[in-house]
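J.: Next up is a structure, given as structure tokens.
The values are calculated or read from the model by the stated rules, or taken from the named source; none is laboratory data. Computed from a predicted structure; not experimentally measured. FYI the Cβ positions are ideal-geometry reconstructions off the backbone, even for glycines, and counts take in every protein chain you see.
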Amino acid sequence: MNQLPVRAAKRYYFRFNAVEVNAAKRDLAALFTPVIEQTGAQSAIVYGADQQADEFRAVAARSAIALRIPELGVTIGEEATAILRRTTEPFHATRVGDERFANLPECLQYSVRNLLIFPLRAGDRVLGFLTLGRTSDEPFEAAAIPAARPFAGVAAAVLERDALHVALKERKLVERAKGILQRRRRLSEEEAYNLLRDQSRRARRAMVDVAEEIINAAALRKTA
């Protein structure tokens, strides 16, 4: 499999919430039927990355197997995390004789024993993953990978679109917070940005979260 430079190993967290999955990404869910039919999969899940943490949330899912656990979160080991972090090509994973991916949500939710995992990337940035699963010990046929590639491409495009939308929204919040600091403290734009950045670092919180607090506090002052 093609590999990117190895970064420090961490432990990825995967979260599956049935309510969130059913309410989100209907544009992806509508495409699950053909990819399941063409690959012989029994389950398909798209996970999207939370860019502020090593966390992946299921954003769309389809399965022919009854759901066992409505909500769960699991942390995979360092070796599995390192593989998912660096791989750029789809690969097979099995619970038979290899437990590295045995606690992914689909393995616990649907008793999946064989997985086909597609990394969804934009350059060297991990946007998420597409997993196809089946409960039998029989691995996926080689033709399953080219059959699923078009769907993986669409899934990556949807996740990248959403990531750009979130980034734009966060940028607007930071700009609003900077404006508030400039007016309230008579700072330059650069000084306001540095203050916002320093507050974020001291609190060990994302800059957008600090910005949102500043905006909310300013709104409360206006209504007081």
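J.: Among (1) among the hydrophobic types (A, V, I, L, M, F, W, C); (2) exposed (fewer than 13 other Cβ atoms within 10 Å of the Cβ); (3) in contact with a strand residue (DSSP E or B) (Cβ under 7 Å, 6 or more places away or on another chain), where does L130 come up short?
T.: (2)
J.: Find the residue count for the range 95-133, including only residues that are modelled with pLDDT under 95 and among the aromatic types (F, W, Y).
T.: Looking only at that region, the number is 2.
J.: Is it the case, given these coordinates, that L120 is within 30 Å of A206 (Cα to Cα), in contact (Cβ under 8 Å) with a residue 12 or more places away in the chain and either assigned by TED's automatic domain parsing to the domain that holds E191 or assigned to a strand (DSSP E or B) (or both)?
T.: On the way: within 30 Å of A206 (Cα to Cα): yes; in contact (Cβ under 8 Å) with a residue 12 or more places away in the chain: yes; either assigned by TED's automatic domain parsing to the domain that holds E191 or assigned to a strand (DSSP E or B) (or both): yes.
Criteria met by L120.
J.: Mind listing just one residue for me: the one in the range 126-163 that is of a type outside the set (S, T, Y) and assigned to a loop (DSSP other than H, G, I, E, B) and, of those, nearest to C107 (Cα to Cα)?
T.: Checking each candidate, the answer is D137.
J.: If I180 satisfies all but one of (1) surrounded by 15 or more Cβ atoms within 10 Å (Cβ to Cβ); (2) in contact with a Leu (Cβ under 8 Å, 6 or more places away or on another chain); (3) not assigned by TED's automatic domain parsing to the domain that holds F32, what's the number of the condition it fails?
T.: Of the numbered conditions (1) surrounded by 15 or more Cβ atoms within 10 Å (Cβ to Cβ); (2) in contact with a Leu (Cβ under 8 Å, 6 or more places away or on another chain); (3) not assigned by TED's automatic domain parsing to the domain that holds F32, the odd one out for I180 is (2).
J.: Follow-up question, since we're still on this one. Identify all residues within the range 37-68 that are crowded, with 18+ Cβ neighbours inside 10 Å and over 26 Å from L164 (Cα atoms); write none if there are none.
T.: Correct list: T39, A41, Q42, S43, S63.
J.: Do we have any residue at all in the range 56-66 that's touching a Lys or Arg at 6+ places or on another chain (Cβ under 7 Å), part of a helix (DSSP H, G or I) and modelled with pLDDT of 90 or more?
T.: Looking for residues that are touching a Lys or Arg at 6+ places or on another chain (Cβ under 7 Å), part of a helix (DSSP H, G or I) and modelled with pLDDT of 90 or more, one finds none in the range 56-66, hence no.
J.: Inside the range 117-146, can you point out the residues that are of a type in the set (A, V, I, L, M) and touching a Pro at 6+ places or on another chain (Cβ under 6 Å)?
T.: Filtering the range 117-146 for residues of a type in the set (A, V, I, L, M) gives 117, 120, 122, 126-127, 130, 132, 142-145.
The answer is I145, and nothing else.
J.: Moving to a separate point now. Please enumerate the residues belonging to the range 14-54 that are at pLDDT below 90 and acidic (D, E).
T.: Selection gives E20, D27, D50, D54.
J.: Does any residue of the range 69-91 turn out to be surrounded by fewer than 15 Cβ atoms within 10 Å (Cβ to Cβ), at pLDDT below 90, outside any helix (DSSP H, G or I) and within 14 Å of the chain's Cα centre (by Cα)?
T.: Among the residues of the range 69-91, not one is surrounded by fewer than 15 Cβ atoms within 10 Å (Cβ to Cβ), at pLDDT below 90, outside any helix (DSSP H, G or I) and within 14 Å of the chain's Cα centre (by Cα), which makes the answer no.
Per-residue answers, yes or no, for (1) at pLDDT 90 or above; (2) crowded, with 19+ Cβ neighbours inside 10 Å; (3) in the same structural domain as I36 (by TED's automatic domain parsing):
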position	(1), (2), (3)
T135	yes, no, yes
A143	yes, no, yes
P150	yes, no, yes
A156	yes, yes, yes
R171	no, no, no
L196	no, yes, no
A203	no, no, no
D209	no, no, no
I214	yes, yes, no
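J.: Also: Take the residues in the range 1-13 that are touching a helix residue (DSSP H, G or I) at 6+ places or on another chain (Cβ under 7 Å) and part of a loop (DSSP other than H, G, I, E, B), then tell me which one is modelled with the highest pLDDT.
T.: Checked the range 1-13; the qualifying residue modelled with the highest pLDDT is Y12.
J.: Shifting gears a bit: Go over the candidates R171, R202, R197, R183 one by one and state the one that is under 30 Å from L28 (Cβ atoms), part of a helix (DSSP H, G or I) and basic (K, R).
T.: None of the other options fit; the residue is R171.
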